[in-house]
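Quick notes on the structure that follows.
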Amino acid sequence: MEKVFKKDFYGTDLVVETGKFAKQATGSCMVRYGDTAVLSASVIGKEPTNLDFFPLLVVYQEKLYSAGKIPGGFLRREGRPTEHETLISRAIDRPLRPLFGEGFRYEVQVINTVMSADANKTPEMTALFGASLSLKLGGVPFDGPVAGVMVGYIDGEYILNPTPEQLLVSDIDLIVAGTKDAINMVEAGAKEVDEDIMLDAIMFAHEKIKELCAFQDEIINEIGKERMEVERKLPSQEIIDQVYELEAGRITKAVSNPDKLDREDTIKNIENEVLTNIEEKYLSEGIDKFDIKAYIKDAKAVLEEIQVKEVRRLITEDKVRPDGRKTDELRDLTSEIDVLPRTHGSSMFTRGQTQALATVTLGALRESQIIDDISVDENKRFMLHYNFPQFSVGSTGRYGGPGRREIGHGALGERALLQVLPDEEEFPYAIRVVSEILESNGSSSQATICAGSMALMAAGVPIKSPVAGIAMGLIMNGDKYTILTDIQGLEDHFGDMDFKVAGTDKGICSLQMDIKISGITRDIFKESLSQAKNARMQILDNMKSAIAEPKKELSVYAPKVKLMKVSPDKIRDIIGAGGKNISAIIEKCNDVKIDIEQDGRIILMHEETYFIDKAMKLIEDIIREVEVGEKYTGKVTRIEKFGAFVELWPGQDGLVHISKLDNKHIKNVEDVVKLGDIIEVKVIKVDEKGRVDLSRKAVLNDIKDKE
């Protein structure tokens with residue numbers, strides 16, 4: 001049965017249509033926010049899987065027809081997900097995933113398709129709303145609803161769901177998601193804002209989220225399917241007793257080993273021994289192999305639970321972390337630059353057992369990344385790419401293109417460093433930073449920000465301030481909690497929160513928060529931000545010991561760039577018929593690179609500034625205009641009976657009639673000037689065709705008058 005629900009959400013109609021679209025999905029809805037329309041369809045598998053993880057797939061896809069565009073490329077159809085689609089898929093997945101029932105192992109897919117896009121009415125948050133609602137309408141065991149909003153901050157005011165134009169001048173670009181009770185996902189970029197301003201922005205967002213969740217509840221209460229009940233199958237007491245007897249407290253001791261690989265090897269050996277003994281016991285009793293597999297699976301769950309309990313007990317009761325640090329203590333830090341001699345800039349940042357090597361490459365603006373999506377942006381000049389090879393964690397694995405995690409971590413680092421980059425006018429380069437994670441034990445994305453910041457300074461990019469990042473953790477124990485600074489892999493895996501904060505000594509540049517519990521409060525946010533700020537200052541001090549400010553000179557291997565501006569109506573003259581003029585300039589200036597923008601900006605690039613300056617002079621000569629009454633010194637390039645042609649500058653000449661060559665009567669031109677002579681002349685006329693009349697006589701008379 002078709003139903004339509006409508007709400008005025010701060011001046012814009014939010015409309016939900018159900019029972020009309022994608023009716024064979026478990027749950028579906030078309031959500032319209034202004035002219036934006038997103039179809040969200042959720043499907044749950046028929047039977048539970050045998051997997052030991054929850055198989056959830058969340059997809060956000062933008063159809064280019066939604067913005068009236070035809071896809072680029074040879075095929076002219078949508079291909080692999082864009083970076084933006086991947087990032088938004090992650091942003092929707094993160095608040096949904098922790099709200100599914102523990103032990104739920106049915107396959108679930110949530111597909112969000114943007115079918116009509118108004119960039120001013122955020123398709124991304126519309127999709128999150130629809131994803132949550134489609135799950136609840138289908139009766140999926142999901143402890144939502146969840147909703148999200150974007151927040152900007154302009155002239156001291158918080159802006160709900162800002163437009164792209166507003167974001168250009170906003171100090172904050174924030175996405176917040178949560179339930180009616182708490183916040184459970186944050187993603188933000190910011191222009192070095194104060195912690196209190198960011199905290200208030202998050203709380204501002206949560207008040208709006210409560211309204212959206214209430215609207216979903218109204219719809220669910222009226223037409224939602226009955227919630228599917230999930231019975232979590234727990235290991236038998238017999239298996240639990242066997243595991244504890246065979247493990248004999250050894251895993252509890254091994255958890256406190258500060259060396260990651262040694263700890264993992266020790267625990268793995270203990271687990272293998274326990275599992276082998278259990279398997280042999282049941283085989284000797286004649287138990288069916290299929291049943292034994294189930295027992296082994298349960299035993300593995302018990303072994304992991306032992307680790308979880310000990311890690312959380314150490315932190316919450318003993319206030320000691322697995323590697324012996326205090327809750328607010330950083331691991332050892334090392335910063336260095338100029339690691340690689342032939343790159344334009346390089347650095348390496350090491351925090352404990354996490355190590356990032358970053359490089360910077362500078363290129364022409366035409367090497368900026370082309371964007372082919374529904375947004376208004378056509379390209380971007382700053383790119384940060386994050387690579388996570390398997391050897392960084394001492395394992396083997398698949399090698400190929402970047403996955404969702406690598407794209408997400410790269411985007412987080414890019415967002416943080418973007419806040420301190422100089423604009424095109426000051427630094428007309430395309431900039432690419434690549435972070436190679438050489439070793440990882442927690443928070444490699446924040447190590448990337450530290451290494452990337454140093455590499456930019458080492459390359460001579462005039463960033464406003466160095467940026468450092470830190471990852472905060474959380475262990476909840478009832479109403480009590482412990483916040484952790486600089487979490488390592490074990491604390492991330494068994495903890496309740498991964499809260500990444502990056503910024504300068506002035507303020508925050510980026511945030512990202514993921515949690516495994518239902519949400520966190522303002523007090524936890526406030527304490528986490530304060531603790532993160534203290535850690536950030538320590539990291540910045542260490543980074544400054546390697547490089548305190550950008551180098552004054554670029555690498556000898558980096559191309560040099562200069563920018564000049566001309567009137568747009570002069571572009572045709574510079575290029576010349578069939579590109580004749582521009583080609584001649586490039587040839588005369590040792591293949592200098594010249595990019596001409598429609599707004600009249602000309603960017604010139606070469607390894608040597610001499611050739612850039614030469615090309616700029618040639619361009620200036622082309623666009624230079626003759627002014628009547630001005631005097632010029634030029635070269636006689638042609639002699640006729642009626643006068644002499646004088647080149648004022650390359651590409652511009654004029655005629656000195658024989659009567660204007662001297663202040664006395666002459667019979668022959670060559671009685672006064674010869675080919676190649678340098679003479680001073682005055683412009684007396686420029687006709688409608690651009691022909692220039694010159695006079696040497698006027699110059700002589702001016703000299704005589706002064707005498």
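The values are calculated or read from the model by the stated rules, or taken from the named source; none is laboratory data. Since the model is a prediction, treat every value here as computed from it, not as a measurement. We place every Cβ from the backbone using ideal geometry, glycine too, and count neighbours over all the protein chains shown.
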Conditions (1) under 30 Å from K136 (Cα atoms); (2) in contact with an Asp or Glu (Cβ under 8 Å, 6 or more places away or on another chain); (3) crowded, with 18+ Cβ neighbours inside 10 Å; number of the one not met by Q216: (2)
Selection within the stretch 252-269 - closer than 15 Å to G394 by Cα and hydrophobic (A, V, I, L, M, F, W, C): L261
Long-range neighbours under 7 Å by Cβ, at least six apart or interchain, first residue in contact (Cβ under 8 Å) with a residue 24 or more places away in the chain and within 17 Å of V255 (Cβ to Cβ) within the stretch 490-501, second among the polar types (S, T, N, Q) and assigned to a helix (DSSP H, G or I): F494/Q307
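Would you mind finding the one in F645, F611 that is within 30 Å of L362 (Cβ to Cβ), of a type in the set (F, W, Y), crowded, with 16+ Cβ neighbours inside 10 Å and touching an Asp or Glu at 6+ places or on another chain (Cβ under 9 Å)? Outline the logic, then answer.
On the way: F645 fails: within 30 Å of L362 (Cβ to Cβ).
Within the list F645, F611, the selection yields F611.
Residues that are assigned by TED's automatic domain parsing to the domain that holds C509 and in contact with a strand residue (DSSP E or B) (Cβ under 6 Å, 6 or more places away or on another chain), at least 1 per element: which helices (runs of 4 or more DSSP H) completely within the stretch 520-613 meet that?
Working: elements: 522-546, 571-575, 580-588.
Where helices (runs of 4 or more DSSP H) fall fully within the stretch 520-613 and carry at least 1 residues being assigned by TED's automatic domain parsing to the domain that holds C509 and in contact with a strand residue (DSSP E or B) (Cβ under 6 Å, 6 or more places away or on another chain), they are 522-546.
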Matching residues in the stretch 443-479 - criterion: being modelled with pLDDT under 95 and surrounded by fewer than 24 Cβ atoms within 10 Å (Cβ to Cβ): I475, M476, N477, G478, D479
Selected residue (criterion: nearest to K293 (Cα to Cα)) from residues of the stretch 51-83 that are of a type outside the set (S, T, N, Q) and part of a strand (DSSP E or B): L56
Single residue of D599, D591, D569, D541 found to be closer than 30 Å to T482 by Cβ, loosely packed, with under 15 Cβ neighbours inside 10 Å and not polar (S, T, N, Q): D541
Every residue from the stretch 503-518 that is touching an Asp or Glu at 6+ places or on another chain (Cβ under 8 Å), of a type in the set (S, T, N, Q) and at pLDDT 90 or above: T504, Q512
The stretch 488-502, subset farther than 16 Å from H409 by Cα and out of contact with any Pro (no Cβ under 8 Å at 6 or more places or on another chain), residue modelled with the lowest pLDDT: H493
Test: residue in the stretch 395-412 that is in a strand (DSSP E or B) and either over 30 Å from G600 (Cα atoms) or β-branched (V, I, T) (or both): no
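Mind checking whether some residue in the stretch 680-691 is in a loop (DSSP other than H, G, I, E, B), loosely packed, with under 13 Cβ neighbours inside 10 Å and touching a residue at least 40 places away in the same chain (Cβ under 8 Å)?
At the first step, the residues of the stretch 680-691 found to be in a loop (DSSP other than H, G, I, E, B) are 687-691.
Filter once more, keeping what is loosely packed, with under 13 Cβ neighbours inside 10 Å: 687-691.
Subsequent filtering for residues that are touching a residue at least 40 places away in the same chain (Cβ under 8 Å) retains none.
Looking through the stretch 680-691, none of the residues is in a loop (DSSP other than H, G, I, E, B), loosely packed, with under 13 Cβ neighbours inside 10 Å and touching a residue at least 40 places away in the same chain (Cβ under 8 Å).
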